[in-house]
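One structure is given below, encoded as structure tokens.
The values are calculated or read from the model by the stated rules, or taken from the named source; none is laboratory data. If you're wondering where the values come from, they're calculated on a predicted model, not measured in any experiment. Every residue, glycine among them, receives a Cβ derived from its backbone with ideal geometry; neighbour counts consider all protein chains shown. Calculation scope for accessible area: heavy atoms of the full protein, side chains included, ligands and nucleic acids excluded. Shrake-Rupley method; radii C 1.70, N 1.55, O 1.52, S 1.80 Å.
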Amino acid sequence: MRNKITALLAGFFAMAGLTVSAVSPVNDTYTTIPLSLTGTDGTLIFSDCPEYADNHGILYEGTVKKGKGRVYYYHVNQTGSPARLVIYAKSRKKQNLAITRTVKGESSRDYISTGATLSFREVVKPAEKPEILKLAKNERTILFEDNPEGIDPDMLVSGMVEIETEKPVTLGAAILPDGSQEDLQKSLDTALRLPPDTHEMRGTFDADMNLENKKAWDFRNGPAEIVVGKSIPFRKGRDEMSQVTRENTGDYGIVYHISFHNKGEGKYRLYINPQGGVYMGTFQIGHNEKVPMIFRTDTVKRGKWFGNGTDQDYMEAGTWEMGRDLYFRFIPAGAAYLPLRFLMIPVEE
């Protein structure tokens, strides 16, 4: 009944020069599709603690034993003067290390725009030719610097560095005094580990998660929803500096790969609906995971920020064919909050 009413209203809105999106899908009745974790890949070194760095030193470091690794950092310079943030590597033996990709967001004092720009750039930045670095034994080697010009006080910086290694390597993030490159290296060589804050958002985690619904959804049963950040627990990992278990509340820095299996004849519309507050991020969605479409919630003009103070915000995310898997890929955006719903409504002819 609701879809028939929507269709009638859609015709009215079309004659009036409006779009179907004038009819909100948010409060429809949905069946929640259960997701199962089918696999993980790679190692995430997550550095968001101390989030407000008021001293120079090592923010976090962890170990990639072999294969793919990702450092994801999120820190505010509260040292009171310009500072430098670097990502470094250290090995117990001489070895080569491949840097496969680096991405950073636009630094800001509102924090939300930093997370939004990093989310978008992570999706659209083209593949890079791997850079091979030679690591000396037991020395900290700088892999990447957020801003060589210096980070002003109270500015948030966030970004990621991805690597591949054949042997165990320690990866870390450090905030250091401003100065020459020679001074920077000296500061890194002598930097001490900083204690965690009460935020406790750091650790070594799985870098990628593969999720899917085991039973294909039959659209003859009506609208369905996928809820991220509710039924699947946030990832737990190890804080290698404090030697305790941590939860990555929000799964920041982790790539979600979701495969939605379904059946039926016809098409369905997809909507993105934040439920936890502000969500300014970018998603890749498509039938073919190698050539997905890109959807940005930070382009939705409803208030200052998408999802701010309401669970009624939504954006259209395409019309898709029933009977074909739909693939989602995204990293939860910094300064964004889960849960988040993907709403799927059959289109009636």
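Which condition does T31 not pass, out of (1) hydroxyl-bearing (S, T, Y); (2) within 19 Å of the chain's Cα centre (by Cα); (3) surrounded by fewer than 20 Cβ atoms within 10 Å (Cβ to Cβ), if it passes all the others?
Only one criterion is unmet by T31, namely (2).
Any residue in segment 119-141 that is modelled with pLDDT of 95 or more, within 21 Å of H199 (Cα to Cα) and under 19 Å from the mean Cα position of the chain (by Cα)?
No, there is no match, as no residue in segment 119-141 is modelled with pLDDT of 95 or more, within 21 Å of H199 (Cα to Cα) and under 19 Å from the mean Cα position of the chain (by Cα).
Test R235 against the criterion of being of a type outside the set (S, T, N, Q) and in contact (Cβ under 8 Å) with a residue 40 or more places away in the chain, and give yes or no.
Considered against the rule, which asks whether it is of a type outside the set (S, T, N, Q) and in contact (Cβ under 8 Å) with a residue 40 or more places away in the chain, R235 comes out as no.
Which numbered condition trips up Y337, out of (1) among the hydroxyl-bearing types (S, T, Y); (2) surrounded by 15 or more Cβ atoms within 10 Å (Cβ to Cβ); (3) at pLDDT 95 or above?
Condition not satisfied by Y337: (3).
Checking the conditions here, which among D206, D218 is exposed (fewer than 14 other Cβ atoms within 10 Å of the Cβ), closer than 30 Å to I294 by Cα and in contact with a strand residue (DSSP E or B) (Cβ under 6 Å, 6 or more places away or on another chain)?
Selected residue: D218, the only one of D206, D218 that is exposed (fewer than 14 other Cβ atoms within 10 Å of the Cβ), closer than 30 Å to I294 by Cα and in contact with a strand residue (DSSP E or B) (Cβ under 6 Å, 6 or more places away or on another chain).
Output the qualifying pairs, or none if there are none: Cβ atoms under 6 angstrom, residues six or more apart or on different chains, first residue in segment 244-269 and within 17 Å of A333 (Cα to Cα) and touching a residue at least 12 places away in the same chain (Cβ under 8 Å), second residue part of a loop (DSSP other than H, G, I, E, B) and among the β-branched types (V, I, T).
Once the first residue is within 17 Å of A333 (Cα to Cα) and touching a residue at least 12 places away in the same chain (Cβ under 8 Å) and sits in segment 244-269, its partners that are part of a loop (DSSP other than H, G, I, E, B) and among the β-branched types (V, I, T) give V255/I331.
Please enumerate the residues belonging to segment 113-169 that are in a loop (DSSP other than H, G, I, E, B) and in contact with a helix residue (DSSP H, G or I) (Cβ under 7 Å, 6 or more places away or on another chain).
R140
For A116, indicate whether it is buried (at least 16 other Cβ atoms within 10 Å of the Cβ), in contact with a His (Cβ under 9 Å, 6 or more places away or on another chain) and in contact (Cβ under 8 Å) with a residue 24 or more places away in the chain.
No; evaluated as a whole, the condition is false for this residue.
Among the residues of segment 222-229, are any among the charged types (D, E, K, R), under 21 Å from I345 (Cα atoms), modelled with pLDDT of 95 or more and touching a Lys or Arg at 6+ places or on another chain (Cβ under 8 Å)?
Yes, some residue in segment 222-229 is among the charged types (D, E, K, R), under 21 Å from I345 (Cα atoms), modelled with pLDDT of 95 or more and touching a Lys or Arg at 6+ places or on another chain (Cβ under 8 Å).
Against the condition hydrophobic (A, V, I, L, M, F, W, C), assigned to a strand (DSSP E or B) and closer than 30 Å to W217 by Cβ, how does L37 come out, does it pass?
It is true that L37 is hydrophobic (A, V, I, L, M, F, W, C), assigned to a strand (DSSP E or B) and closer than 30 Å to W217 by Cβ.
Do we have T63 as under 30 Å from Y268 (Cβ atoms), open to solvent by 10 Å² or more (accessible area, probe 1.4 Å) and touching an Asp or Glu at 6+ places or on another chain (Cβ under 7 Å) here?
No, not satisfied.
So, in segment 34-44, of the ones that are surrounded by fewer than 18 Cβ atoms within 10 Å (Cβ to Cβ) and β-branched (V, I, T), which residue ends up farthest from D251 (Cα to Cα)?
T38
If we keep just the residues of segment 265-307 that are open to solvent by 70 Å² or more (accessible area, probe 1.4 Å) and among the hydrophobic types (A, V, I, L, M, F, W, C), which is nearest to F219 (Cα to Cα)?
M293
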